[in-house]
Amino acid sequence: MGAGVVAALLTSAACGSANASDGSKPSDQQSATTSASATTSSNPTSSSPVESTKPAASTSTATPSKKPTDDAGVDLCTMADLAFTVTNYDGPGEEVRHLMLVATNKSAKKCDVQNYPEVTLGDAKGYAPVKEGTNPDEAVTLAPGEKAYAGILATGGKMDTYSVKFMTVGLGSPGGEAEAEKPVKVKMPVTSFEADDGQRVTYWAGTEGLAMRPVTQS
């Protein structure tokens, strides 16, 4: 045989020996390599970062306040929260016809007064009716030391005049949520004055003018 033929036979034998060493064909080796690469890509090692689908935990440590931040959650005033005074709105020495009732918040917290006070003049059989033509406004919120006002008309030009030597004030039970508290006596601005069955009272107001206007302009 020529030298070229011998070289060709040697090359063929070497290739065959390499293929036979793992019992696979070149095409099989390529397929295995490709498969291993794909497996490695779809299964990262533990050192690779993994994106979590769970939301991150909150890092806030603030505790929500248990107290409301607006006046919507303010409690109604109790009798113990308030101090009451009454003055002769017509002026010192004048015949008493119009009285101004003032409720001062003496507590250390905000509270609301609502509707109108239950004012009983002397030996009247019931408390003074609310003034006709007036409407209940929103509750009056009182911070510590603040005041609410109500106007009282002692004589409305009616019959059955009688002498008043004391008066009592109560808050009633706005909304009927609780039993009404016992009324308290309020210091009188004069020794006595005359009242009749035309007496009236206004709703609580946040200013003196709003309270007194309905009874002084009648």
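The values are calculated or read from the model by the stated rules, or taken from the named source; none is laboratory data. Predicted, not measured: the structure shown is a model, and the values here were computed from it. We work out accessible area using only protein heavy atoms, side chains counted, and drop any ligands, DNA or RNA first. Shrake-Rupley method; radii C 1.70, N 1.55, O 1.52, S 1.80 Å.
Surface analysis of the stretch 82-217 yields an accessible area of 53 Å² per residue, using protein heavy atoms and a 1.4 Å probe. Computed over the alpha-carbon pairs of the stretch 82-217, the distance histogram in 10 Å steps reads 13, 46, 34, 7, 0 percent, short to long. Pairs of Lys residues in the stretch 82-217 that lie 8 or more places apart, or on two chains, and have C-alpha atoms under 13 angstrom apart add up to 4. Across the stretch 82-217, the mean sequence separation of Cα contacts (distance under 8 Å, 6 or more residues apart), normalised by length, yields a relative contact order of 32 percent. Of the accessible area of the stretch 82-217, computed with a 1.4 Å probe over protein heavy atoms only, carbon and sulfur atoms account for 49 percent.
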